[in-house]
Amino acid sequence: MRGLICGPKLAACGIVLSTWGVIMLAMLGIFFTTHSAVLIEDVPFTDEDIHQDMNPPQRIYALYKQVGYNCFIAAAFYILFGFFSCCQMKLNKRKEYLVH
């Protein structure tokens, strides 16, 4: 069958993983863009960002937003992967229907 790349079990696994990835990364993106204090350890800032800036919180907030946007972009890739897995499931079902 044309376009069939993976089997039904791998496609189902891809759907489950992409669903979890979208939920997790979307929540992380929301928490990063709202400047959650719990996630400060995951923000890539240096000493220069704190000490040499006249307005340090704004620079840290910009880094928070950037990490949040990165999470949203990764969630979009997971959506694409989930769509691909759904297409593979559909192709596998069509192949199964044609064989029987």
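The label point for Phe83 and the one for Gln58, both projected 7 Å from the Cα toward the Cβ, are 3.8 nm apart. The mean sequence separation of alpha-carbon pairs under 8 Å and at least six residues apart, normalised by the residue count of segment 10-100, gives a relative contact order of 48 percent. Residue-wise HN-Hα couplings along segment 72-83, as the Karplus relation 6.51 cos²θ - 1.76 cosθ + 1.60 with θ = phi - 60° gives them from phi, are 5, 5, 5, 5, 5, 5, 5, 4, 4, 5, x, 4 Hz; Gly and Pro carry x.
The ellipsoid that matches the Cα gyration tensor of the chain has semi-axes, each √(5λ) in whole angstrom, of 43, 10, 8, with the longest given first. Put the Cα centre of segment 70-100 next to the Cα centre of segment 11-29 and the gap is 12 Å.
Computed on protein heavy atoms with a 1.4 Å probe, the accessible areas place His51, His35 in the order His51, His35, largest first.
Just how large is the dipole of the chain about the Cα centre, in debye to the nearest 20, putting +1 at every Lys and Arg Cβ and -1 at every Asp and Glu Cβ? Don't skip to the answer; put the middle values down first.
Numbers: 8 positive and 7 negative charges, 227 e Å.
That gives the chain a dipole magnitude of about 1100 debye.
Just checking the listed ones, Met27, Met89, Met54: in the Gaussian network model of the chain with Cα springs under 10 Å, the one fluctuating most is Met54. Per-residue SASA remark: Thr33, around 40 Å² accessible (1.4 Å probe; ligands, DNA and RNA not included). To the nearest 0.05, what FRET efficiency results for Leu10 and Val38 with a Förster distance of 41 Å applied to their C-beta separation? FRET efficiency, Leu10 to Val38: 0.70.
The values are calculated or read from the model by the stated rules, or taken from the named source; none is laboratory data. Source: prediction; values computed, not measured. Every residue, glycine among them, receives a Cβ derived from its backbone with ideal geometry; neighbour counts consider all protein chains shown. Accessible surface is based on the protein model in full, side chains and every heavy atom, while ligands, DNA and RNA are left aside. Shrake-Rupley method; radii C 1.70, N 1.55, O 1.52, S 1.80 Å.
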